[in-house]
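The values are calculated or read from the model by the stated rules, or taken from the named source; none is laboratory data. Keep in mind that this is a model prediction, so the values were computed, not measured. Cβ atoms come from the backbone with ideal geometry, glycine included; neighbour counts cover every protein chain shown.
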Amino acid sequence: MHSRGAGISSIPFGMYALILLSLMMCATPPTLAQTETVLYSFCSRTKCSDGVSPFTGLFRDKRGDLYGTTRYGGTKNNGTVFVLNADGTERVLHKFVNDGVDGYDPNPGLVMDTNRNLYGTTYRGGARDYGTVFKISCNGTESILYSFGANASDGLSPASGLIIDKNGNLYGTTSFGGANFYYGTVFEMSPTGTETILYSFAGYGQMDGANPFSSLIMDKDSNLYGTTQYGGANGYGTVFEVNAAGTETVLHSFANDGTDGYYPNAGLIIDAKGDLYGTTYQGGANNAGTVFEIDPSGSEKNLYAFGANPTDGFNPWAGLVRDKPGNLYGTTLYGGANGSNFGTVFRLSSNGTETILHSFAENGTDGYQPYGRLIMDESGNLYGTTAYGGTGASATGGAGTLFKIVP
């Protein structure tokens with residue numbers, strides 16, 4: 001079966017090894033006086049029946065409650081779904097079990113329907129151990145909507161979460177499987193669990209993308225956009241569009257040319273003009289990853305190359321969030337003012353100026369290594385998670401945190 005690592009020297013997901021990290025670089029302008037607060041440290045309960053290691057972005061409801069997943073922890077150490085209420089109280093909504101029915105190893109990216117039901121995916125588990133789509137009702141009851149691997153052309157092993165349309169249909173990607181077996185799919189699922197494969201990636205030989213590890217976004221015309229970590233004309237990943245009819249277009253093929261980024265792991269965001277924004281894990285002028293923009297015609301522009309100075313962040317694993325003035329916010333997995341292994345939260349202004357808002361530190365209370373995408377509330381406050389650190393007990397030096405940054 002497939003496995004996903006989660007350490008400093010191992011890259012989650014996949015059958016391919018990413019190039020080893022180049023720790024030659026990194027840094028940014030001085031950190032401003034933004035305030036970071038650890039709202040919750042995981043594994044704070046006896047024997048870690050709580051979740052451990054949130055590799056997740058969060059979902060925030062209208063009440064201000066924050067929802068997410070942890071990869072480990074729970075009764076069987078197979079991961080959890082949790083909510084942190086606005087009053088700071090954390091509650092585990094579901095503990096995954098590897099029992100041949102339930103999924104395990106849950107992915108980032110929960111969504112909620114109008115009835116307050118939550119939906120998400122697991123990378124493994126289910127009837128065939130190729131992952132699931134699950135639903136958690138508003139009263140906390142979990143049900144499996146779909147187990148992947150149902151037939152020879154089905155998708156396998158979703159590594160990202162879902163999006164939901166106004167009719168309650170769910171959309172996502174699988175990293176493997178499909179009509180071409182190995183290269184992954186884009187799928188749609190009805191609220192009752194009927195799956196439709198919208199597109200099967202063809203892989204390298206056809207100049208198509210391969211192996212999407214990211215969530216999708218949808219525009220007002222129901223076109224879907226995402227990234228593949230590999231494939232494309234140069235083998236270093238793509239940005240793609242799948243229209244409502246199921247036709248795929250590769251908008252950009254990344255190139256390891258010393259300027260362009262490569263290996264885009266995260267999903268995209270879109271502005272009112274239809275411009276797409278995202279990150280690459282590696283590449284750029286310092287081989288430390290990039291922030292890029294792609295206009296509707298498919299023209300790409302690199303907005304920032306990480307590793308510009310010794311305290312800059314490097315290797316952004318997650319995607320971005322954008323405020324009304326057009327500033328972009330995100331995280332890097334490594335780098336920052338406190339050493340190469342801890343990571344940062346950054347802001348990139350509309351003129352391309354980067355500011356480090358927070359450098360994480362393994363100091364016994366702060367978290368470190370933020371894998372998940374940030375979210376922003378109405379006041380511009382940022383929320384996110386770290387996979388490690390905090391005050392909770394864990395053999396890895398803390399089981400992760402949920403944090404808030406006030407601009």
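Things to note:
- Of the residues making up the range 187-210, none is at positive phi, of a type in the set (G, A, S) and buried (at least 24 other Cβ atoms within 10 Å of the Cβ).
- Pair list, Cβ under 7 Å, 6 or more apart: the range 262-273 residue at positive phi, other residue part of a strand (DSSP E or B) and crowded, with 24+ Cβ neighbours inside 10 Å: Y263/T280; Y263/Q282
- For T290, the test of being under 21 Å from L110 (Cα atoms), touching a residue at least 12 places away in the same chain (Cβ under 8 Å) and crowded, with 24+ Cβ neighbours inside 10 Å is failed.
- Number of positions in the range 261-277 that are within 10 Å of Y225 (Cβ to Cβ), small (G, A, S) and out of contact with any Gly (no Cβ under 9 Å at 6 or more places or on another chain): 1
Yes/no per residue for (1) of a type in the set (D, E, K, R); (2) not in a loop (DSSP other than H, G, I, E, B):
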{"position": "G352", "(1), (2)": "no, no"}
{"position": "L357", "(1), (2)": "no, yes"}
{"position": "G364", "(1), (2)": "no, no"}
{"position": "R373", "(1), (2)": "yes, no"}
{"position": "G380", "(1), (2)": "no, no"}
{"position": "T385", "(1), (2)": "no, yes"}
{"position": "G392", "(1), (2)": "no, no"}
{"position": "F403", "(1), (2)": "no, yes"}
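- Taken over the range 86-105, the residue count meeting the criterion of being over 20 Å from G125 (Cα atoms) and either outside any loop (DSSP other than H, G, I, E, B) or at pLDDT 95 or above (or both) is 2.
- When each of G307, G313 is tested for being at pLDDT 95 or above and touching a Ser or Thr at 6+ places or on another chain (Cβ under 7 Å), the lone residue that passes is G313.
- Within the range 246-264, the set of residues being closer than 15 Å to T185 by Cα and outside any strand (DSSP E or B) comprises G246, T247.
- Of residues in the range 79-110 being of a type in the set (F, W, Y) and within 14 Å of T132 (Cα to Cα), the one surrounded by the most Cβ atoms within 10 Å (Cβ to Cβ): F96
- Among the residues making up the range 119-145, those that are part of a strand (DSSP E or B) and either surrounded by 22 or more Cβ atoms within 10 Å (Cβ to Cβ) or among the basic types (K, R) (or both) are Y119, G120, T121, T122, Y123, R124, G125, T132, V133, F134, K135.
- Among (1) more than 24 Å from Y199 (Cβ to Cβ); (2) hydroxyl-bearing (S, T, Y); (3) under 22 Å from the mean Cα position of the chain (by Cα), the one test that Y277 misses: (1)
- Applying a threshold of 6 Å to beta carbon distances and a minimum spacing of six or more residues, or different chains, the list of pairs starting in the range 367-381 at a residue that is under 18 Å from F42 (Cβ atoms) and ending at one that is in a loop (DSSP other than H, G, I, E, B) and hydroxyl-bearing (S, T, Y) reads G372/T56.
- Number of positions in the range 160-178 that are polar (S, T, N, Q) and either in a loop (DSSP other than H, G, I, E, B) or within 15 Å of S222 (Cβ to Cβ) (or both): 4
- Residue count, the range 355-365 (criterion: on the phi < 0 side of the Ramachandran plot and either small (G, A, S) or at pLDDT below 95 (or both)): 5
- Number of positions in the range 148-172 that are among the small types (G, A, S), surrounded by fewer than 22 Cβ atoms within 10 Å (Cβ to Cβ) and touching a strand residue (DSSP E or B) at 6+ places or on another chain (Cβ under 6 Å): 1
- Selected residue (criterion: surrounded by the fewest Cβ atoms within 10 Å (Cβ to Cβ)) from residues of the range 244-256 that are farther than 15 Å from A288 by Cβ and at pLDDT below 95: A245
- Breaking point among (1) buried (at least 22 other Cβ atoms within 10 Å of the Cβ); (2) more than 23 Å from S53 (Cβ to Cβ); (3) without any contact (Cβ under 8 Å) to a residue 60 or more places away in the chain, for G343: (2)
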